[in-house]
1. If we scan the stretch 116-128, do we find a residue that is surrounded by fewer than 16 Cβ atoms within 10 Å (Cβ to Cβ), within 17 Å of Gly77 (Cβ to Cβ) and modelled with pLDDT of 95 or more?
2. Taking the criterion of being surrounded by fewer than 17 Cβ atoms within 10 Å (Cβ to Cβ) and at pLDDT 95 or above, would at least one residue in the stretch 143-150 satisfy it?
3. Just checking, does the stretch 99-106 include any residue being within 19 Å of Thr45 (Cα to Cα) and of a type outside the set (A, V, I, L, M)?
4. Regarding Thr177, is this residue over 26 Å from Gly16 (Cβ atoms), modelled with pLDDT under 95 and in contact with a helix residue (DSSP H, G or I) (Cβ under 8 Å, 6 or more places away or on another chain)?
5. So, restricting to helices (runs of 4 or more DSSP H) that lie completely within the stretch 1-96, which ones have at least 2 residues that are open to solvent by 10 Å² or more (accessible area, probe 1.4 Å) and under 30 Å from Val121 (Cβ atoms)?
6. Those residues that are closer than 19 Å to His174 by Cβ, among the charged types (D, E, K, R) and out of contact with any strand residue (DSSP E or B) (no Cβ under 7 Å at 6 or more places or on another chain), I need them from the stretch 97-120; list them, please.
7. Does any residue in the stretch 47-75 that is more than 21 Å from Asp134 (Cβ to Cβ) and of a type in the set (Phe, Trp, Tyr) come within less than 6 Å, Cβ to Cβ, of a residue that is open to solvent by less than 10 Å² (accessible area, probe 1.4 Å) and part of a helix (DSSP H, G or I) six or more places away or on a different chain, and which pairs are these?
8. When only residues in the stretch 151-174 that are modelled with pLDDT of 95 or more and part of a loop (DSSP other than H, G, I, E, B) count, which is least open to solvent (accessible area, probe 1.4 Å)?
Amino acid sequence: ISGTDIKAGVIKLASGKGEISPYEQLFFEAAAMVASKDPDVRIITHTEQGTCALDQANYLIEHGVQPKQIAIGHIDGCTDMDELMSVAETGVYMNFDRVGMSGVFGAPLDSRRIACICGMVAAGYADKICISHDRIFMDLGREPHPIFPFLQGYQWDHIFRTFIPDLEKAGLTHEQTQAMITVNPQRF
């Protein structure tokens, strides 16, 4: 960070739905410039409903960022296996991080996320999947937000109480699911 000894460990980038705008591209270019010079810097992106994931990965890689430095966020908004496979083939990490947000804001149902994760694991990409929450609604000590009734699965314990057991019922091993919530994020 200019004028200090502080270095960013993670850079967050975002693009809107369906395209990386010219304005957003300025930020991608700046982040790529930093990360391409420092292999310890990580980039986590925001995709809107899982769109532009491949464009984000390709842009950053083409601008010198190593795939191991990149995690594509909210990839679970996309349930197109061809698109997911294309992203995985770039070597970047894929954040399935809106678990529990089902059927609102364009989000798929968790059952679709599970099918996609199982497909990605079967294709050999278990080591590139990170599972987490992207919980943005603060409710502790506040009046309930009007959207809460639509987000019943979007609770802090949903991953452990429901999602991981459902992944294991679908055929993933306990070791695989634990790696997706601990080992893979640590490696990233």
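1. yes
2. no
3. Looking through the stretch 99-106, at least one residue is within 19 Å of Thr45 (Cα to Cα) and of a type outside the set (A, V, I, L, M).
4. no
5. 53-62, 81-89
6. The one that is closer than 19 Å to His174 by Cβ, among the charged types (D, E, K, R) and out of contact with any strand residue (DSSP E or B) (no Cβ under 7 Å at 6 or more places or on another chain): Asp110.
7. Listed pairs, sorted by first residue: Tyr59/Phe28.
8. Leu172
The values are calculated or read from the model by the stated rules, or taken from the named source; none is laboratory data. Treat the numbers as computed from the prediction; the structure is a model and nothing was measured. Please note: Cβ atoms are built from the backbone with ideal geometry, for glycine as well, and neighbour counts cover all protein chains shown. SASA here: full protein model, heavy atoms, side chains in, ligands and nucleic acids out. Shrake-Rupley method; radii C 1.70, N 1.55, O 1.52, S 1.80 Å.
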